[in-house]
Structures are given as C-alpha cells and as structure tokens.
Amino acid sequence: MATLTANTLVTHPETGEVVLLAVGGIVPEWAAGRVGAHLLDGGSPRPVSAPASAPAGSGSSEGDPPPKGGAGSGAQAWREYAAANNVEVAADASREDVVAALDAAGVRTE
C-alpha cells in the first residue's frame, strides 16, 4: 500500500464520514481510489495547492471564501480557495470535503 506525503480528508464510501488520512500513514484499501497520486509516496509530482505565503493551518485566509450556495459555490471554486490558502485537497474532492479540510486547517469558510 502507498503512504501519504501530506494530510488529506476523504469521505468514507460506506459511512459518508469524513476521515483524516495523516502524512506518513498507509492509505486504506477503501480510500485507494479516492486519494490523488500527488499525495502518495512515489506518486505524481503534480501539486494541487498553489505556492503559499503562509503555512497550512496558520489560520490566515487568502481572499473571501466562495459562497456555500448558488452561483460560484461549486467544488472547483472551493478547491481553488483551498489552494490559495495552502490547504491540500484531492483534485476530485467534493465541496463538503474541501470545506472540512479548510475548517481543520483553521481557514475561514464563512
């Protein structure tokens, strides 16, 4: 099994629970297809987050968060906001997963 090079949040397919997978941990079988290769030891070098001016979890926030409903509230907008705030999320993370990762990192979501 692959090991993680960064923390990530993944929604468990059976329970719907958001699960933190920590750096250095082994990716469970149920999460194997849900974790981007860029987060795996020996995976793709493709980063999801933009270069950061502040470390993840610093509580700083780059710009205003996207709306949680209506126009501009899609998962892609939230993934871009996470990248601007140096919070790594899977390339296919849902809006809910991204918001949970931002909350865990102390980045403003309201």
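Here are the numbers for the structure shown:
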read-out	value
FRET efficiency for A77 and L20, using Cβ-Cβ distance with R0 set to 30 Å, rounded to 0.05	0.85
Long-range HN-HN contacts of N7 with modeled amide H, under 5 Å	V23
Formal net charge of residues neighbouring L20 (Cβ-Cβ distance under 15 Å; K, R +1; D, E -1)	-4
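Every read-out reported here was derived from the displayed coordinates using simple, explicitly stated rules and does not represent laboratory data. Just so it is clear, the structure is predicted and the values come from calculations on it, not from any experiment. No Cβ is skipped: glycine too gets one built from the backbone with ideal geometry, and neighbour counts run over all protein chains shown.
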